[in-house]
Amino acid sequence: MSGSYDDSVGLEVSSDSFWEVGNYKRTVKRIDDGHRLCNDLMNCIHERARIEKVYAQQLTEWAKRWKQLVEKGPQYGTVERAWCAFMSEAEKVSELHLEVKGSLMNEDFEKIKNWQKEAFHKQMMGGFKETKEAEDGFRKAQKPWAKKLKEVEAAKKAYHAACKEEKLAISRETNSKADPALNPEQLKKLQDKVERSKQDVLKTKEKYEKSLKELDNATPQYMENMEQVFEQCQQFEEKRLRFFREVLLEVQKHLDLSNVASYKNIYRELEQNIKTADAVEDLRWFRANQGPGMSMNWPQFEEWSADLNRTLSRREKKKASDGVTLTGINQTGDQVSQPNKHSSSLSVQSNTVQSVQSSYNPFEDEEDTGSTVSEKEDNKIKNVSSYEKNQSYPTDWSDEESNNPFSSTDANGDTNPFDEDTPPAMEVRVRALYDYEGQEQDELSFKAGDELTKMENEDEQGWCKGRLDNGQVGLYPANYVEPIQ
């Protein structure tokens, strides 16, 4: 061991040993590192809590959006309930993850914060009290031994200098003996200097050995004092390490949902809801409510009445929903029946269904399309929502050319040369001036400012036929919209 001692800066470190003067600073620095590690652990937990919160919010939003779409969509019966069970699962899991977030922040984060405040005490001049105490303890334990080490270094330096001087004096004496021009007096001086150099070597060597012995005698006490301060630092660090282990175990318990009984119940309930889906039961329900099982007011012979001579208004035809709507009555005189407002509804709806099936590819990569996941979700939701389970299907039928597949095209797909050419109606974009809520199944609903496409001009009752941007076709009051310039 070597080096020079200074009370202010300590000895120059000549090796990496803990026992070298000044090398205790690594142990002292560990105290400051412990405080910073508490901050790091709190930041780590805080970020995880934020992720849990965002995930919970996204689950809730996803469940709410898709629950509405499934309820409005064409799915029905027990399979619909099984599908909706996934949204219920998401809502419950969202609540659990919010609980995880709360546990991380209210329990784990606060526990670390409070422990850090109790374990580390800041000083007015900066730094921590614990760091200063460890620094002072090591310096006090090291100071006596370092002082003796300084004496050893000085004695060694003096001894080595005396040895060098002795060697130089002997060399001069030897050279002078071979020089005949040197007088006896000068030779005597060189011999005296050699003698003095030898005596200096003996004295410095004795002093060097004495100081080294004193240093060796002081070493056990030095080691004991340093060990004592080091053990105090070890005990302080042990508290931090044990505390971190305890906190990490609690964090693990809060994150591990597999041991939460309610979490297991969520998926047990989800499995039960899916298994209750019964295709036979759903088909039976559909047959009874949407198929041949529905009741029907079959047409019966009706006597002629003068009331049938007048033109039936659109509202009066709708009021007769509990009976049979007679669409094949020929009006007398100049009265001509209004065009069937449902004549093209069925074909439009089929096109809408086709657009739902083809407009979104769930397996399409983001890189290929250049759109984000959220944009895809929005587009997909718009497509699905345009095809709802409760949308009306036309109940009237007509043998007009637009609906009759046998009237305008022959088997080979050629047009009928005897049909009159009927130019297609010009579609016009219009904007809603007021809110309108459809009162009948074949009416559109929109808000003021919404844009739609006018497909047919205003009829005698003041109604127009139009199409919303989602593909829905229906009637609306003509005076509720204005053309877009």
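The values are calculated or read from the model by the stated rules, or taken from the named source; none is laboratory data. Computed from a predicted model, the values in this text were never measured in an experiment. Positions of Cβ are generated from backbone atoms using ideal geometry, with glycine treated the same way; all protein chains shown enter the neighbour counts. Please note that ligands, DNA and RNA were not included when accessible areas were found on the heavy atoms of the full protein model with its side chains. Shrake-Rupley method; radii C 1.70, N 1.55, O 1.52, S 1.80 Å.
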Any chance LYS122 is in contact with a strand residue (DSSP E or B) (Cβ under 8 Å, 6 or more places away or on another chain), on the phi < 0 side of the Ramachandran plot and open to solvent by 70 Å² or more (accessible area, probe 1.4 Å): yes
Number of the condition not met by LYS92 [criteria: (1) open to solvent by 80 Å² or more (accessible area, probe 1.4 Å); (2) closer than 20 Å to LEU255 by Cβ; (3) modelled with pLDDT under 95]: (1)
Residues that are open to solvent by 40 Å² or more (accessible area, probe 1.4 Å) and in contact with a Phe, Trp or Tyr (Cβ under 8 Å, 6 or more places away or on another chain), drawn from the stretch 33-74: LEU37, HIS46, PRO74
Search result, residues across the stretch 258-274 that are at pLDDT 85 or above and either within 16 Å of ASP108 (Cβ to Cβ) or of a type in the set (S, T, N, Q) (or both): SER258, SER262, ASN265, GLN272, ASN273
Scan of the stretch 75-87 for residues that are open to solvent by less than 70 Å² (accessible area, probe 1.4 Å) and either under 13 Å from GLU269 (Cα atoms) or in contact (Cβ under 8 Å) with a residue 24 or more places away in the chain (or both), ordered by number: GLN75, TYR76, GLY77, THR78, VAL79, ALA82, CYS84, ALA85, MET87
Residue in the stretch 125-148 that is outside any helix (DSSP H, G or I) and of a type in the set (S, T, N, Q) present: no
Set LYS207, LYS253, LYS213, LYS239: member being under 29 Å from the mean Cα position of the chain (by Cα) and either closer than 28 Å to TYR24 by Cα or open to solvent by 40 Å² or more (accessible area, probe 1.4 Å) (or both): LYS253
Filter pass, LYS143 being surrounded by fewer than 17 Cβ atoms within 10 Å (Cβ to Cβ) and either within 30 Å of LYS25 (Cα to Cα) or assigned by the TED database to the domain that holds GLU237 (or both): yes
So ALA169, is it in contact (Cβ under 8 Å) with a residue 12 or more places away in the chain, more than 28 Å from GLU130 (Cα to Cα) and touching an Asp or Glu at 6+ places or on another chain (Cβ under 8 Å): no
Single residue of the stretch 159-178 satisfying the filter (of a type in the set (Gly, Ala, Ser) and crowded, with 18+ Cβ neighbours inside 10 Å) that is farthest from LYS210 (Cα to Cα): ALA169
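Residue-wise test of (1) within 30 Å of TRP145 (Cβ to Cβ); (2) part of a loop (DSSP other than H, G, I, E, B); (3) at pLDDT below 90.
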{"site": "SER8", "(1), (2), (3)": "yes, yes, yes"}
{"site": "ASN23", "(1), (2), (3)": "yes, yes, yes"}
{"site": "VAL28", "(1), (2), (3)": "yes, no, no"}
{"site": "ARG36", "(1), (2), (3)": "no, no, no"}
{"site": "ASP40", "(1), (2), (3)": "no, no, no"}
{"site": "GLU52", "(1), (2), (3)": "no, no, no"}
{"site": "GLN57", "(1), (2), (3)": "no, no, no"}
{"site": "VAL70", "(1), (2), (3)": "no, no, no"}
{"site": "CYS84", "(1), (2), (3)": "no, no, no"}
Test: VAL152 is more than 60 Å from the chain's Cα centre (by Cα), open to solvent by less than 50 Å² (accessible area, probe 1.4 Å) and over 30 Å from LYS29 (Cβ atoms): no
Residue check for SER2: open to solvent by 70 Å² or more (accessible area, probe 1.4 Å) and modelled with pLDDT under 90: no
Candidate set from the stretch 179-197 (those that are open to solvent by 90 Å² or more (accessible area, probe 1.4 Å) and part of a helix (DSSP H, G or I)); member that is nearest to ASP216 (Cα to Cα): ARG196
Residue list for the stretch 277-289, filter: surrounded by 11 or more Cβ atoms within 10 Å (Cβ to Cβ) and part of a helix (DSSP H, G or I): GLU281, ASP282, LEU283, ARG284, TRP285, PHE286, ARG287, ALA288, ASN289
Residue tally, condition more than 15 Å from ILE484 (Cα to Cα), open to solvent by less than 60 Å² (accessible area, probe 1.4 Å), of a type outside the set (Val, Ile, Thr) and not in a loop (DSSP other than H, G, I, E, B), over the stretch 427-473: 6
